[in-house]
Amino acid sequence: MEAVPQKADSRLARKTERIAYFLYLIGRNRLFMLGLGIGAIIVMAALFAPWIAPYPGDATGDINMQAKLKPPSSQHFMGTDHFGRDIFSRVLYGTRKSLSIGIGIVLIAFIIGLPLGLIAGYYGGRIDEILMRICDGFLSFPVLLLPIAIGGVFGGSMKVNMIGLAIVWWPWYVRLLRGQVLITREQAYVMAAKSIGVKNTTIILRHIIANSIGPVLVQVSLDLGYAILASASLSFIGIGAKPPMAEWGFMISEARPYFMNFWWTTTFPGLAIFLTVFTFNLLGDGLREILDPKTR
Amino acid sequence: MVVVLWVLTMVTFFLTTIAPSDPAGLWVGPRPKPGQLEKARKQLGLDKPAHVRYVIYLKNLTRGDFGVSIRTRQPVTEELKRYFAATIELVTVAIIISLIIGIPLGIYTAFRRESLADHSGRIFSLMGVAVPIFWLGMMFQLTLSSGLKILPLQGQISSYVFLTSPVKSITGFYLIDSLVTGNWVAFKDIIIHMILPAITLSFASLAFIVRITRSSMIEVMTADYIRTAKAYGLGNKLIRYKYALKNGLIPVVTVTGLSYAYELGGSILVENIFDWPGMGRFLWLSIINNDYPGIMGVTIVFAVICCTINLMVDLVYALIDPKVRIAGT
């Protein structure tokens with residue numbers, strides 16, 4: 001009787017040990033920690049934008065023509081744009097827009113890509129063949145092309161921007177996950193599960209997903225950045241944000257006639273995009289290193 | 001490949017048919033006279049059922065007819081012919097730049113793993129892919145063109161050079177034409193105009209190329225035949241640059257193909273910034289004017305270019321990698 005709690009104890013101890021080791025790996029990865037730090041600031045900025053922003057109204061449609069195109073000062077930390085709107089406030093609000101769009105694109109793509117990748121990898125055969133051809137078709141074109149065609153027809157709105165990008169994004173997950181599943185499928189424990197008559201769906205849910213999702217998660221964190229970048233690019237060429245929306249790509253596009261003489265109008269929104277995408281890159285790259293046993 | 005293109009025509013056609021705004025309405029402009037709308041509809045063939053129109057559309061496409069641009073009222077094919085060379089020229093030069101910088105950088109960091117150069121190279125490439133290239137282009141304009149006045153702001157050629165020593169059109173590619181005709185004034189001017197857009201565009205794939213080259217070289221260096229060569233006592237330089245490089249650069253071929261597609265997408269942004277008279281700028285103008293035939297025309301041409309590049313990559317692969325040839329794929 002005494003052996004049972006002891007066993008549970010040691011299992012618990014092993015679990016805490018594993019978590020501690022994982023935390024150690026994370027802590028050791030300086031770039032990942034840097035990414036976490038900046039990431040936390042960005043998320044805070046998005047969450048608390050209405051309270052941090054000195055002029056919250058400027059992000060939603062206020063116009064102060066008497067204060068237009070003022071250089072950075074103590075009142076306007078990043079200067080003002082051609083409508084006299086505080087660029088710092090607008091950049092802060094843009095964080096909300098960009099983060100939610102980025103998450104939206106990746107989430108939709110992931111929800112479509114996950115089941116298709118599992119099916120293609122696990123069952124193989126003709127269904128795999130067809131899915132891969134479709135994916136190849138999508139992947140051989142410039143990412144922005146189809147969203148532009150869609151946006152050109154339906155008119156630019158943030159919804160079109162997001163859906164358009166999600167439509168071209170999911171094949172990446174299918175392909176990546178399929179590759180992982182192909183490896184996992186051949187593992188001894190999957191064979192064992194099959195040999196004792198476990199149902200396919202149970203094998204997929206219990207074993208395949210858990211053991212092949214790692215690289216996909218890395219890709220997800222990298223893609224959050226790329227999706228934000230792509231979405232801002234689309235907004236820049238006129239598919240996405242509409243005035244007076246505070247969206248980074250759109251802010252840059254709006255400031256184009258003025259930026260030669262008023263550098264702050266484009267510099268800060270661009271830096272915001274850069275910093276956000278860079279942060280997700282740091283996180284994704286760090287995660288890859290943490291999850292990859294080869295680099296330990 | 002043909003299937004992919006065929007599906008794409010379905011998509012573009014489908015998009016134009018379900019478009020919420022009426023092309024005939026756009027064609028005649030606001031406040032049409034009675035009867036004018038019906039006439040335009042007939043003229044544009046919109047009175048026929050969708051499947052008939054699709055067949056006509058496909059027939060026209062195979063003849064290279066993309067319809068008439070609503071914005072300029074010119075055949076889209078004519079417009080694209082004018083802009084095609086400028087885009088291809090820009091993207092090709094950008095690819096060459098990113099290969100020239102990217103491959104040596106990748107090799108260099110691969111041989112100095114975990115060194116300072118390697119780490120800074122990694123951070124650089126993480127930063128490189130995070131830069132919005134449309135913003136980077138504007139920053140270049142702000143500092144190098146407008147601030148320091150070293151390089152021209154935009155365009156493909158200065159207007160006075162264009163007037164005083166015009167480039168005779170042979171191939172349509174400005175660089176080649178001016179070189180062949182010995183028009184050095186124009187050649188130099190074109191090169192100067194090309195520097196900023198090409199460098200901006202090359203940023204789109206530079207980091208990617210560095211990364212792939214590095215990991216591929218590292219992998220090759222652990223191969224058995226390299227160990228054999230080392231055991232045999234061959235010099236480090238010989239092993240690295242003669243034996244390892246050959247196999248290490250194979251994935252770079254794929255990456256170049258992918259980069260081409262990627263930079264073609266980037267050209268939409270960069271041509272817009274630098275006022276480069278190419279298809280990307282035409283596409284942008286079509287977008288802001290709701291010009292579907294223009295948008296779909298560029299979409300299809302871009303897709304055809306990408307398919308061609310992919311095909312070329314496959315062929316080059318078969319040529320340089322005997323494994324592919326034997327497998328017969």
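Just the residues that are without any contact (Cβ under 8 Å) to a residue 60 or more places away in the chain and either among the basic types (K, R) or outside any helix (DSSP H, G or I) (or both), please, taken from segment B:97-131.
Matches in segment B:97-131: B:R112, B:E114, B:S115, B:R122, B:A130.
Got at least one residue in segment B:209-230 being within 14 Å of chain A (Cβ to nearest Cβ), buried (at least 23 other Cβ atoms within 10 Å of the Cβ) and at negative phi?
Looking through segment B:209-230, at least one residue is within 14 Å of chain A (Cβ to nearest Cβ), buried (at least 23 other Cβ atoms within 10 Å of the Cβ) and at negative phi.
Being in contact (Cβ under 8 Å) with a residue 40 or more places away in the chain and of a type outside the set (D, E) is the requirement here; does A:G137 meet it?
no
Tell me which residues, restricted to segment A:151-183, are without any contact (Cβ under 8 Å) to a residue 40 or more places away in the chain and either in a helix (DSSP H, G or I) or touching a Lys or Arg at 6+ places or on another chain (Cβ under 6 Å) (or both).
Of everything in segment A:151-183, those that are without any contact (Cβ under 8 Å) to a residue 40 or more places away in the chain and either in a helix (DSSP H, G or I) or touching a Lys or Arg at 6+ places or on another chain (Cβ under 6 Å) (or both) turn out to be A:V153, A:F154, A:K159, A:I167, A:V168, A:I183.
For A:G151, all conditions in the list (1) away from chain B (no Cβ under 12 Å); (2) within 21 Å of A:S233 (Cβ to Cβ) hold save one; what is the number of the exception?
(1)
Got at least one residue in segment A:219-239 being within 28 Å of A:A40 (Cα to Cα), more than 14 Å from chain B (Cβ to nearest Cβ), not in a helix (DSSP H, G or I) and not aromatic (F, W, Y)?
Scanning segment A:219-239 turns up no residue that is within 28 Å of A:A40 (Cα to Cα), more than 14 Å from chain B (Cβ to nearest Cβ), not in a helix (DSSP H, G or I) and not aromatic (F, W, Y).
Within segment B:205-303, which helices (runs of 4 or more DSSP H) (wholly inside it) include 2 or more residues that are modelled with pLDDT of 85 or more, under 22 Å from B:Y108 (Cα atoms) and in contact with a helix residue (DSSP H, G or I) (Cβ under 9 Å, 6 or more places away or on another chain)?
Answer list for segment B:205-303: B:224-232, B:250-274.
With the requirement that a residue be at the interface with chain B (Cβ under 10 Å from one of its Cβ atoms), in a helix (DSSP H, G or I) and not acidic (D, E), what does segment A:134-146 give you?
A:I134, A:G137, A:F138, A:L139, A:L145, A:L146
Identify all residues within segment B:170-204 that are buried (at least 16 other Cβ atoms within 10 Å of the Cβ), touching a helix residue (DSSP H, G or I) at 6+ places or on another chain (Cβ under 6 Å) and β-branched (V, I, T); write none if there are none.
B:I190, B:T200, listed by residue number.
I'd like to check something: does segment B:126-134 contain any residue that is in contact with a Phe, Trp or Tyr (Cβ under 7 Å, 6 or more places away or on another chain), at pLDDT 85 or above and surrounded by fewer than 20 Cβ atoms within 10 Å (Cβ to Cβ)?
Yes, there is a match, as at least one residue in segment B:126-134 is in contact with a Phe, Trp or Tyr (Cβ under 7 Å, 6 or more places away or on another chain), at pLDDT 85 or above and surrounded by fewer than 20 Cβ atoms within 10 Å (Cβ to Cβ).
Could you please find all residues in segment A:240-256 being in a loop (DSSP other than H, G, I, E, B) and facing chain B (nearest Cβ under 8 Å)?
Matches in segment A:240-256: A:R256 only.
Answer yes or no as to whether B:L90 is aliphatic (A, V, I, L, M) and more than 30 Å from B:A198 (Cα to Cα).
Spelling it out, it is not the case that B:L90 is aliphatic (A, V, I, L, M) and more than 30 Å from B:A198 (Cα to Cα).
Quick test of your reading of the structure: B:V313 fulfils all but one of (1) closer than 23 Å to A:G151 by Cα; (2) within 14 Å of chain A (Cβ to nearest Cβ). Name the failing condition by number.
Unmet for B:V313, out of (1) closer than 23 Å to A:G151 by Cα; (2) within 14 Å of chain A (Cβ to nearest Cβ): (1).
Between B:R53, B:R73, which is away from chain A (no Cβ under 14 Å), exposed (fewer than 14 other Cβ atoms within 10 Å of the Cβ) and at pLDDT 75 or above?
Going through B:R53, B:R73 in turn, the sole match is B:R73.
Looking only at residues that are of a type in the set (S, T, N, Q) and modelled with pLDDT of 85 or more in segment B:78-119, which one is nearest to B:L238 (Cα to Cα)?
B:T109
The values are calculated or read from the model by the stated rules, or taken from the named source; none is laboratory data. Remember, it's a predicted structure, so these values are computed and weren't measured experimentally. Note that we place each Cβ from the backbone using ideal geometry, even for glycine, and neighbour counts take in every protein chain shown.
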